[in-house]
Amino acid sequence: MTTPEWVIAIDGPAASGKSTVGEAVARALGFLYVDTGAMYRAVTQAALARGIPASDEAAMVALTRRLDIAIRRDEVGDGRQYTVLVDGEDVTWALRSPAVDAHVSQVSAYPEVRAILVREQQRIAAAGRVVMVGRDIGTVVLPTAPLKVYLDASAAERARRRYRELLARGQSADYEAILAGIRARDAVDSRRAASPLQPAADAVILDTDGKSIEQVVACVLDLARQRFGMESDSSWPSSS
Ligand code: DC
């Protein structure tokens, strides 16, 4: 049976660990994991690929309307959490390019782009059993979610995590540049007029500085257990 109220909203700033935590929590519960940032990134990447300037708001809205964005659970074995198809083309890794990083905050500040993507996110969540991750999930997309978590961490801690992640993947990394990028994105995401990044009034705020991913995941699972009235891991709802 579908239980739409079984939804977990996870919000937080760039590199706060939302995706890793969200995916691990969803996996433990057998819920669907939806990273809404990928949708804003998909629109941005499509604009770059088609030569549409991210500064052209009307063109960005028109593009968002006509794009077919599909997020699929895939086991490709190249480290991806999911596959993103835009009009049938696999753009999963292109979404992480520095060019997309540089323009996505601007694109996600357009109210009409947000309205289109929020409707789609609400449609996906309507079936329930979802962990949805983003910036405005608890405040705008799923305001009645029974569990809202806001993951926070200092900019320095988040930059350190991103830096280590890149080195672990064998890529070169410049800590100061990463820190500056995170601060710039925080500023745009939290100051924009449309759905600025902020915790919902009823969100549980978790400060993750100095905590491992495992500790944060355990904490969110405990909260879910309390909120959904589950006794232990063995009593998690099955996905039947
Ligand atoms: O989480 P991320 O870094 O992939 O997000 C990319 C951008 O999209 C970031 O600038 C914030 C924006 N975003 C948003 O405005 N609302 C969401 N629900 C998710 C992401």
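Worth a mention:
- Exposure of residue 164 as accessible area (Å², to 10), given a probe of 1.4 Å and all protein chains: 140
- 85, 147, ranked by accessible area, largest first (probe 1.4 Å): 85, 147
- Computed [θ] at 222 nm, deg cm²/dmol, the chain (DSSP H ≥ 4; -39,500 (n - 2.57); rounded to nearest 500): -14500 deg cm²/dmol
- Taking all pairs of distinct alpha-carbon atoms in segment 1-87, Kirkwood radius in angstrom: 14.9
- Relative contact order of segment 110-238, pairs being alpha-carbon contacts under 8 Å that are 6 or more residues apart, as %: 30
- Within segment 62-171, GluC sites (Glu not before Pro) in DSSP loop having at most 10 other beta-carbon neighbours inside 10 Å: 75
- Solvent-accessible ranking of 151, 221, largest area first, probe 1.4 Å: 221, 151
- At the residue level, residue 132 shows approximately 0 square angstrom of accessible surface with a 1.4 angstrom probe and all protein chains present.
- Residue among 150, 188, 128 farthest towards the positive dipole end of segment 90-195, charges placed on Cβ: 128
- Charge dipole of the chain about the Cα centre (unit charges at C-beta), most positive-ward option of 83, 70, 46: 46
- For segment 15-140, the spread of Cα positions along the three principal axes, ordered from largest to smallest, is 41, 33, 27 Å.
- For the chain, taking Cα atoms only, Rg and Dmax work out to 17.4, 53 Å respectively.
- The magnitude of the dipole of the chain, with charges of +1 and -1 set on the Cβ of Lys/Arg and Asp/Glu and taken from the Cα centre, is near 180 debye.
- Simple spin-label estimate for residue 198 and residue 183 in nanometres, 7 Å along Cα-Cβ: 2.4
- Ligands, DNA and RNA left out, the accessible area of segment 9-146 computed with a 1.4 Å probe is 52% carbon and sulfur.
- Most simply put, the chain has about 25% antiparallel DSSP beta bridges, counting only bridges with both residues inside it.
- Cα gyration tensor shape of segment 104-240, rounded if a/c is under 1.5, else prolate or oblate by comparing a/b with b/c: oblate
The values are calculated or read from the model by the stated rules, or taken from the named source; none is laboratory data. Values in this document were obtained by computation on a predicted structure and should not be read as measured data. Neighbour counts run over all protein chains shown; Cβ positions are idealised from the backbone, glycine included. The protein model used for the area step is the full one, side chains on, heavy atoms only, and it has no ligands, DNA or RNA in it. Shrake-Rupley method; radii C 1.70, N 1.55, O 1.52, S 1.80 Å.
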